[in-house]
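The values are calculated or read from the model by the stated rules, or taken from the named source; none is laboratory data. This structure is a prediction, so every number in the text was calculated from the model and none was measured. In this analysis, Cβ positions are derived from the backbone assuming ideal geometry, glycine residues included, and neighbour counts consider all displayed protein chains.
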């Protein structure tokens, strides 16, 4: 089966074929880095981690670019509040982001450009747009994009120019020729720190001291890293308009070529039916969540919902994810707890079903269902081959790579030595036919979150939460 991906641009699932045979070039809009990442950010990065992993599992070479916006109004404000430089703030937050998402098993991108490293390319792109009559400088010094002069504006969002409303996204509408126009270069303000200002001189143009607008950053960075046209452009659903619409206008207005063949957007994380966001104050940082739940449980929680579907966040859903993940690891523990798979025969029934699910727009819910069916087969047959398949297929999603016993015992607040001593005392009690004493030890451990499992080969234990 050929990989098929939902393309926001065409509003249809289409067969995927990269521009260059065997090589996928993908750009994903990353973080504006002024604070700790929340679970909504993790959802975006996890969605494209799965895309990246599946493309790699399918034999493609992947050049995956995920940018960092390290200059922005919020960044400037936060740096001033803390009395530190912009660079000190963004370095600190980037390090925190890397630490948090690494715990979730999110692979690093091939390239991670920082916006401040590409200001010359942004200025060059702005100059090209001005030369083509698509950009103009306002009386306040800002350089703006003339939306109505780009015929394709609105094709990603599916809205006509008459339907679009500038509203809240226009800061100083009176300085623009049209309220729909957006800023490419922001003129420096006297109140802004010096490290938020760049020279606007480029190739015979002088746009004055200032800094780039948000949208121009990604147009310049994607072109620098992947060329004028590439395979996949991704990001959160909230970026579809205006950010991605504006990227198309900028890039295609400058080059006359399609920016990306596929546009892919992940759904929101919601809390009480509202989008999780810092502006609403209803967000949970990755660190908040990892303080209560282990990293693989959080990953599994994020993957059980299709990337385009809104995801409801709650402790109950995370508890359920933990229970489901334990079922999978329990199946592995019954066969070969410490083994890892290395290869897979995709023609076999379970791998073939898994591949079909992932090839249909990265269908992780259906793929996870295959993992549970395969775990049931492992429990029924005890087949080492089936267990190996379960390991490998889980690995395609970044799951089931731990030693099963280590996972099942993780999270216990009791000392392991004490648990083993109590298990030994229970065995002695059973040997002495003191079944009441043995039951008392079992209950003592259960009250502290330890479940004992007896088998012909002895007693093992698991931690419950």
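For segment 224-252, a residue qualifies if it is buried (at least 24 other Cβ atoms within 10 Å of the Cβ) and farther than 25 Å from residue 46 by Cβ, and the qualifying residues are 246, 248, 249, 250, 251. Residue 121 passes every criterion in (1) part of a helix (DSSP H, G or I); (2) under 31 Å from the mean Cα position of the chain (by Cα); (3) surrounded by fewer than 17 Cβ atoms within 10 Å (Cβ to Cβ) apart from (3).
State whether the residues of segment 71-93 include one that is touching a strand residue (DSSP E or B) at 6+ places or on another chain (Cβ under 6 Å), closer than 28 Å to residue 156 by Cβ and surrounded by fewer than 17 Cβ atoms within 10 Å (Cβ to Cβ). Taking every residue of segment 71-93 in turn, none turns out to be touching a strand residue (DSSP E or B) at 6+ places or on another chain (Cβ under 6 Å), closer than 28 Å to residue 156 by Cβ and surrounded by fewer than 17 Cβ atoms within 10 Å (Cβ to Cβ).
If the requirement is being surrounded by 15 or more Cβ atoms within 10 Å (Cβ to Cβ) and outside any helix (DSSP H, G or I), which of these qualifies: 393, 374, 400?
Every option except 400 fails the conditions.
For segment 306-345, a residue qualifies if it is touching a helix residue (DSSP H, G or I) at 6+ places or on another chain (Cβ under 8 Å), part of a loop (DSSP other than H, G, I, E, B) and at pLDDT below 95, and the qualifying residues are 313, 336, 337, 338, 339, 340, 341, 342, 343, 344, 345.
Which one is farthest from residue 212 (Cα to Cα) among residues in segment 128-142 that are in contact with a strand residue (DSSP E or B) (Cβ under 9 Å, 6 or more places away or on another chain) and surrounded by fewer than 16 Cβ atoms within 10 Å (Cβ to Cβ)?
131
Are any of the residues in segment 283-305 surrounded by 17 or more Cβ atoms within 10 Å (Cβ to Cβ), touching a helix residue (DSSP H, G or I) at 6+ places or on another chain (Cβ under 9 Å) and part of a strand (DSSP E or B)? So far as segment 283-305 goes, yes, one or more of its residues are surrounded by 17 or more Cβ atoms within 10 Å (Cβ to Cβ), touching a helix residue (DSSP H, G or I) at 6+ places or on another chain (Cβ under 9 Å) and part of a strand (DSSP E or B). Can you pull out every residue in segment 253-262 that is within 21 Å of the chain's Cα centre (by Cα) and surrounded by fewer than 22 Cβ atoms within 10 Å (Cβ to Cβ)? Within segment 253-262, 261, 262 qualify. Set side by side, the residues 232, 216 differ, and just one is part of a helix (DSSP H, G or I) and touching a helix residue (DSSP H, G or I) at 6+ places or on another chain (Cβ under 8 Å), which is 216. Assess whether residue 32 counts as being within 22 Å of residue 286 (Cβ to Cβ), in the same structural domain as residue 210 (by TED's automatic domain parsing) and at pLDDT 95 or above. For residue 32, the condition - within 22 Å of residue 286 (Cβ to Cβ), in the same structural domain as residue 210 (by TED's automatic domain parsing) and at pLDDT 95 or above - is met. Please verify whether segment 196-210 includes one or more residues that are under 29 Å from residue 232 (Cα atoms) and not in a strand (DSSP E or B). The answer is no; no qualifying residue exists.
Residue 332 passes every criterion in (1) at positive phi; (2) over 24 Å from the mean Cα position of the chain (by Cα) apart from (1).
Only one of the numbered conditions (1) within 19 Å of residue 242 (Cα to Cα); (2) more than 29 Å from the chain's Cα centre (by Cα) is not met by residue 115, and that is (2). What residue, of 43, 66, is within 24 Å of residue 185 (Cα to Cα), touching a strand residue (DSSP E or B) at 6+ places or on another chain (Cβ under 9 Å) and buried (at least 22 other Cβ atoms within 10 Å of the Cβ)? The conditions single out 66. Are any of the residues in segment 99-112 at pLDDT 95 or above and more than 26 Å from the chain's Cα centre (by Cα)? For segment 99-112, residues at pLDDT 95 or above and more than 26 Å from the chain's Cα centre (by Cα): absent.
Residues in segment 203-212 include at least one that is crowded, with 17+ Cβ neighbours inside 10 Å, within 29 Å of the chain's Cα centre (by Cα) and within 18 Å of residue 126 (Cα to Cα). From the list 55, 36, the one residue that fits, being in contact with a strand residue (DSSP E or B) (Cβ under 6 Å, 6 or more places away or on another chain) and in a loop (DSSP other than H, G, I, E, B), is 36.
Quick one: count up the residues across segment 155-180 that are crowded, with 20+ Cβ neighbours inside 10 Å and either at pLDDT 95 or above or in a strand (DSSP E or B) (or both).
1
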